[in-house]
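Everything below concerns the one structure shown next.
Computed from the coordinates by the stated procedures, all read-outs in this text should not be read as laboratory data. Because the structure is predicted, anything quoted here is derived from the model rather than measured. Neighbour counts are summed over all protein chains in view; Cβ atoms, including those assigned to glycine, are modelled from backbone coordinates with ideal geometry.
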Amino acid sequence: MVESITKSTLKQYQSVLRKWWDFAHEKGWDVFNAHTTDILSFLSEKFKDDASYGVLNTSRSAIALMDGLITRFLKGVFRQKSTKPKYSSTWDTTSVLIYMENLPPMTHLKLKDATEKLATLLALVTAHRLQTLSVINITNISRSSEGITIKIPDLIKTSKPGSFQGLCVASCVLEYLEITEDLREESNNRLLISSIKPFGSVSPQTIGHWIKSLLAKAGVDTDQFSAYSTRHAAVSPVIRRTAGWSAQSQTFMKYYNRPVQASDNHFASSS
């Protein structure tokens, strides 16, 4: 717990806490579970003794050290073991994109393969979490001459990903809806459905299994990288704005800006 504050602050608090301890014991209060009115009574006494605002504020902070033990505990843990990014590097999306591009048309794929392809494309293009993909509702998918828009009400901002020649996400979504139209129950409006009967809604974990399966087929080391790594692989400095990060985003820099592992496959540059 002490790790949550600096040594100088702790030294400053010691005097206040001793006075609070004596005051609380004199009143018969529990020093670790005091009521707000008890603390105000202590501060009022100090105010009457002509204590300055700074002294009163320090006293409040010192007592809050005990009053907010859980918060302080977590802060102490953070100081000792700060959160670190899961991956020190990430995989190259090139091999996965080439693999998907070489697959037969969506309408010729088995339902499981078509679902894996769509789930992986959505994960890479939007850089959204699997939980977000699992709640996409077909009633919130709208078509226009420019493509399709998928809205996730009250959860996230609508992304506007760019198109990729030969791997059109919009086409995959529309073709997937065609493939699954007769398999869906009328009450099930989720975009991604189970690839086996009764073709119901699926969890983020199931979507993760699909993506991991496709990554393995595309040559990604799935012993090292999980389905959740698509968020890292997709979010390069070029496309990070798709995920809603600004150029100054510390979240992006700390957790997603990772070196890409070398790949033997490369797209030819186009003019």
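Values as computed for the structure displayed
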{"quantity": "Simple label model, 7 Å out from Cα along Cβ direction - Asn33 to Thr94, nm", "calculated": "6.3"}
{"quantity": "Amide H contacts under 5 Å for Gly200, placed H, 5+ residues apart", "calculated": "Ser194"}
{"quantity": "Which of Trp21, Trp29 has the fewest Cβ neighbours within 10 Å, and the rest in rising order", "calculated": "Trp21, Trp29"}
